[in-house]
Every structure is written in C-alpha cells, then in structure tokens.
1. Please work out the FRET efficiency for the pair residue 50 and residue 3, using the Cβ-Cβ distance as r and a Förster radius of 25 Å; give the result to the nearest 0.05.
2. Loop only per DSSP, at most 15 neighbouring Cβ atoms within 10 Å: give me the GluC sites (Glu not before Pro) in the chain, ordered by residue number.
3. If we count trypsin sites (Lys or Arg not before Pro) as exposed when they sit in a DSSP loop and have at most 13 other beta carbons within 10 Å, what is the longest stretch of the chain that avoids them all?
4. Counting only protein heavy atoms and a 1.4 Å probe, tell me what percentage of segment 14-53's accessible area is made up of carbon and sulfur.
5. Could you work out the relative contact order of the chain, using alpha carbon pairs under 8 angstrom and six or more residues apart, expressed as a whole percent?
6. Given Cβ point charges of +1 (Lys, Arg) and -1 (Asp, Glu) and nothing else, what value in debye, to the nearest 20, does the dipole of the chain about its Cα centre take?
7. Rolling a 1.4 Å sphere over the protein heavy atoms, what is the accessible area per residue of the chain, to the nearest Å²?
8. Extension gain residue 63-residue 28, at 0.36 nm per residue separation less the Cα-Cα distance, in nm?
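The values are calculated or read from the model by the stated rules, or taken from the named source; none is laboratory data. All values reported here derive from a predicted model rather than from experimental measurement. Cβ atoms come from the backbone with ideal geometry, glycine included; neighbour counts cover every protein chain shown. Ligands, DNA and RNA are stripped out before the accessible areas are found, and what is left, the full protein with its side chains, is counted by its heavy atoms. Shrake-Rupley method; radii C 1.70, N 1.55, O 1.52, S 1.80 Å.
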Amino acid sequence: MAATPTVGEEIRAIRRARGLTQAQVAEALVVPQAAISQLESGATRPRWEVVARVLALLEVTPEEWERLRP
C-alpha cells in the first residue's frame, strides 16, 4: 500500500508542474528559500496561512486541491 503524500509533497509536485523553483516561490512570497524547502520536505509543520499563500501563488483552486488529496 502506497504512503499517503504529505501536504509538502503535494505542494512540491504542484510547484514542479507549474515550472517553478523553490527560489522563485520563496522570492514571490518574500520568505527564505529554506522555508519552502522545509515545508516541502516536512521538516516543519506549516501554518495554514503559509500553505494558503503558497497555494494562492501556485494558483491552486480549492477544487483542484481536493482532487489532489487522496
């Protein structure tokens, strides 16, 4: 049975599908690149406001997010 992807893994996949680097996302959100790396790797537990900002930047609709969730 495959492991359920984490929020960070899903964000990484969406970011890559949009053709963006961690550095580009970090610059757009005015946060350190390390913050995006930690979010995607699961090293930190993201606050919802951070996740919401990333999803907005990646232009992920609530409907799309729900389809991505297992």
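1. 0.60
2. Values: sites: 9, 10, 27, 40, 49, 59, 63, 64, 66; in loops: 59.
Answer by residue number: 59.
3. Answer - 19-46.
4. Accessible surface attributable to carbon and sulfur in segment 14-53 totals 53 percent.
5. Over the chain, the number comes to 36 percent.
6. 140
7. On a per-residue basis, the chain sits at 69 Å².
8. 10.3 nm
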